[in-house]
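Since the structure comes first, as structure tokens, the remarks are kept for the end.
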Amino acid sequence: MLKSEDTKMRLYSSILIGTLCKNTYLEIEEHITILWKCLLSKFSDTNKEVVVNCWNAFNTATKRLSSGDQVRLVPDLKMSIYLAIDAKNRRDPTYTLPGFCLPKGLATIVALYREGILNGSPELKEQAIMGLKEAIQYTSQPALKPSVVQITGPLIRVLGERYTANIKTACLDTLSLLIDKVKVALKPFLSQLQTTFMKSLNDGTREVREKGVTALTKLVSLHNRVDNLFTDIHSGTKNENLSTRETMFAALQGTMFIGGSGMGANLALSISVTLTNHLGAPEDSIRTANGACIGSLATFFNEEELEKLIREKILPQGPSKEIRHGQALAIAGLMRYAPTRMSKMDLIEDLTASLLKFMDSDNVQVLQLC
């Protein structure tokens with residue numbers, strides 16, 4: 001009846017199921033997965049009353065589960081939600097599920113996944129985090145805001161403990177998506193998130209570090225005062241561990257490109273000195289990241305200081321092949337991230353001429369870059 005094409009039939013069916021879930025003395029827990037699939041499939045119904053009734057029934061039935069059952073059934077809920085989203089809508093990044101967008105529409109789902117995240121086995125934790133991410137994806141910003149605290153707290157807690165890289169990357173992905181969706185609603189967590197994301201930049205697994213960079217780059221847009229964040233990242237570029245240094249340069253590039261305009265002049269000057277000193281870094285990866293950082297720095301750096309840096313440190317060919325490679329990478333960074341500013345400063349011709357000179361180099365890396 002709930003699958004009927006007749007709206008009235010679906011409406012009456014949704015009312016009956018809701019009444020059953022609320023008033024029955026029978027144990028419906030053993031039928032919960034069937035109920036979930038049935039009710040969630042109507043969270044996108046064309047009739048709003050059907051959506052509301054199905055949400056109420058889902059809410060009532062799910063709250064009857066014990067904490068242990070909630071943890072155990074995490075994969076079943078995740079699958080039920082997946083099946084409730086039409087394949088076409090899954091390919092649409094802007095799609096939201098009407099049932100999730102009701103007032104407190106996500107509350108019961110968040111509560112169940114929260115149990116899985118905090119009390120489940122490592123495998124169930126990962127499933128719960130991934131399920132939570134999917135639910136966030138299909139929920140509107142207004143409907144998400146009441147659940148921000150319940151979502152963010154457990155994820156920060158998990159990231160602060162020793163779990164596998166899979167769990168950490170799932171947490172970072174979910175928090176990155178949450179930043180995209182609710183933005184300033186996360187400001188109360190700004191300090192905790194910054195500390196958590198900075199810690200991930202030092203992780204032993206590359207994927208975790210990369211996810212940390214992505215999350216931090218999104219977080220910087222919420223900052224009114226960015227100097228503390230940039231100071232921490234800048235300090236990290238001097239780390240003895242090469243992998244950590246690479247990650248810190250990547251984080252510096254991303255965060256400067258998004259939020260560098262709020263940086264203090266003295267700090268920007270200090271960072272420019274560090275970047276200049278790394279033009280000839282012995283590691284290819286550091287030179288590459290450094291060149292991109294110079295491009296991001298150029299989007300907001302003091303014009304007089306920027307022109308001085310370019311004319312004195314980047315345009316003249318350096319004495320070693322490493323420095324020349326670093327200079328070519330810096331020019332590429334300037335052209336990629338700050339082309340409009342380079343044009344306004346009448347530097348395009350000089351940068352192009354410098355690249356042409358680099359083409360006479362016998363350094364294969366420089367030639368390929370040019």
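Some points to look at:
- Average projected area [Cα convex hull, region 148-307], square nanometres: 8.9
- Accessible surface of the chain [probe 1.4 Å, protein heavy atoms]: carbon and sulfur percent: 51
- Dipole moment magnitude, nearest 20 debye, the chain about Cα centre, only Lys, Arg, Asp, Glu C-beta charged: 1000
- Net charge of neighbours whose Cβ lies under 12 Å from the Cβ of GLU49, counting Lys and Arg as +1 and Asp and Glu as -1: +3
- Cross-link partners of LYS22 among aspartates and glutamates (Cα-Cα below 18 Å; sequence separation of 8 or more within a chain): GLU30, GLU49
- Gyration tensor (alpha-carbon) shape descriptor, region 237-323, a/c threshold 1.5: oblate
- Remark: region 231-238, residue by residue, has Karplus-estimated 3J(HN,Hα) of 5, 5, 5, 4, 4, x, 5, 9 Hz, where x stands for each Gly or Pro and the curve is 6.51 cos²θ - 1.76 cosθ + 1.60 at θ = phi - 60°.
- Pairwise Cα inverse-distance average, inverted: Kirkwood Rh of region 11-158 (Å): 15.4
- Listed cross-link partners LYS37/LYS88; LYS183/LYS313; LYS104/LYS211; LYS238/LYS357; LYS104/LYS199 are compared with a 27 Å cut-off, the Cα-Cα value being larger for LYS183/LYS313; LYS104/LYS211; LYS238/LYS357; LYS104/LYS199.
- For the chain, the Cα-based Rg and Dmax, in that order, read 26.1, 85 Å.
- Leading residue at positive end of dipole, the chain (Cβ point charges), from HIS234, LEU159, GLY259: LEU159
- J(HN,Hα) series, region 176-192, from Karplus relation 6.51 cos²θ - 1.76 cosθ + 1.60, nearest Hz, glycine and proline x: 4, 5, 4, 4, 4, 7, 10, 6, 4, 4, 8, 4, x, 9, 4, 5, 5
- Computed over neighbours whose Cβ is under 12 Å from that of ILE331, the net charge equals +3, Lys and Arg +1, Asp and Glu -1.
The values are calculated or read from the model by the stated rules, or taken from the named source; none is laboratory data. As the structure is a prediction and not an experimental result, all values here were calculated from the model. Counting neighbours? That spans all protein chains shown, and the Cβs are built from the backbone with ideal geometry, glycine included. SASA here: full protein model, heavy atoms, side chains in, ligands and nucleic acids out. Shrake-Rupley method; radii C 1.70, N 1.55, O 1.52, S 1.80 Å.
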